[in-house]
Amino acid sequence: MLKSLLSFATAAGLALSVLATPYVASADDLETIKAAGEFKFANSGAYPPFSFVDDSNQTVGFDVDIGNEIAKRLGVKGTGLSTAWDGIIAGLLAGKYDSVIGSMTITPEREKAVDFVGPYYKSGRGVFVLDGSEVKSIDDLKDKTIGVTLGETHEKWARERGGWEIRTYKGLPELFLELKAGRIQAMIVDAVPVSIAIKETGEKFTKLDVPEFAGTEDKIGIAIRKGNPELKAAMQKALDDMMADGTYEAIAMKWIGSDIR
């Protein structure tokens, strides 16, 4: 369990100084969760189809269903909470929720701050432009403006590669709007949700062929606070059982249309 103030760099390259009241627990978080009868998990709420707000103003999606199913298998109620992505680890360390089930890439930087359950799916980076754009390759983006989600690993990659202007946003809905409005010429994001949007809602985006992305799939995990081996083991068992009994595949087919583990 982290019991001191923590300063860390997120894997997206955004330096965060986490100055919060230390989270202190007298026992493994699993005991606390079961005593409360509630498992609270966080997501951005701005990453369809993994987490987004529906017409009834409820946060739904693949990650939400995974979180609720894990809670069920822990024998408690699941409560999904949405928060800004760039502060989501800070909120976990401050004890605002028990876990982050929000499509978080497992990276060495993040593993210094939190433990991970999983991975529970794999994803790959994609560069998307508007259909008919003059941009035909990633080299054509030199000196142009690209959009990324603040705090994602794609932001770190884009800053390290350089050669373009970078604008940051809260999530995919904003990126979609900015690309359509011409305020950015491309967006660098996880390929899965954008490909789904193209297929299911007719979004007019084209994915660029980027050879350097080949073989660079990200492993996506579930973050919990360090020092909780019992909670980690219980959540891993719940996830493994879901994958073995068909529940995981059913959730994936519902939201993604394919098994993405």
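On the beta carbon distance between E230 and D140, with R0 = 45 Å, the FRET formula returns roughly 0.30. In the chain, the portion of solvent-accessible area held by carbon and sulfur atoms comes to 50 percent [1.4 Å probe, whole percent, DNA, RNA and ligands not counted]. Under the simplified labelling scheme, the K77-T216 pair shows an inter-label distance of 4.4 nm, with each label point 7 Å from Cα along Cα→Cβ. Annotation for D131 and K34: the two label points, set 7 Å from Cα along the Cα-Cβ direction, are 5.4 nm apart. Pairs over the 30 Å Cα-Cα cut-off, from the set K77/K199; K40/K204; K142/K254; K136/K219; K77/K156; K112/K237: K77/K199; K40/K204; K142/K254; K77/K156. Under the combined filter of DSSP loop state and at most 10 neighbouring Cβ atoms within 10 Å, the stretch 116-213 retains these GluC sites (Glu not before Pro): E134. Amide H contacts under 5 Å for K77: E38, F39, restricted to partners 5 or more places along the chain or on a different chain, H placed in the peptide plane at 1.01 Å from N.
Remark: the chain carries 45 Å² of accessible area per residue (probe radius 1.4 Å; ligands, DNA and RNA excluded).
The H on the amide N of K226, modeled in the peptide plane, is under 5 Å from the matching H of L2, D115, each at least 5 residues off or on a different chain.
At q = 0.09, 0.16 Å⁻¹ the log10 of I(q)/I(0) for the stretch 45-176 amounts to -0.32, -0.93, computed by Debye summation with a single uniform scatterer per C-alpha, solvent ignored.
Note that the stretch 30-38 has calculated 3J(HN,Hα) couplings of 4, 5, 5, 4, 5, 5, 7, x, 8 Hz, one per residue in order, obtained from phi through the Karplus relation 6.51 cos²θ - 1.76 cosθ + 1.60 (θ = phi - 60°); glycine and proline are x.
When the Gaussian network model of the chain links Cα atoms closer than 10 Å, the mean-square fluctuations of S44, S133, S99 top out at S133.
Looking at (1) 46; (2) 22; (3) 40, which value of percent of Cα pairs over 32 Å apart comes from a calculation on the structure shown? Label of the calculated value: (2). Computed 3J(HN,Hα) for the stretch 140-145, one whole-Hz value per residue from the Karplus formula 6.51 cos²θ - 1.76 cosθ + 1.60 where θ = phi - 60°, is 6, 8, 4, 6, 9, 9, glycine and proline marked x. Annotation for K122 and V53: the two label points, set 7 Å from Cα along the Cα-Cβ direction, are 3.5 nm apart.
Note on the chain: GNM, Cα springs under 10 Å; of K232, K199, K170, the largest mean-square fluctuation is that of K199.
The values are calculated or read from the model by the stated rules, or taken from the named source; none is laboratory data. In this text, all values refer to a predicted model and were calculated from it rather than measured experimentally. No Cβ is skipped: glycine too gets one built from the backbone with ideal geometry, and neighbour counts run over all protein chains shown. Side chains are part of the model used for accessible areas, which takes the heavy atoms of the whole protein and leaves out ligands, DNA and RNA. Shrake-Rupley method; radii C 1.70, N 1.55, O 1.52, S 1.80 Å.
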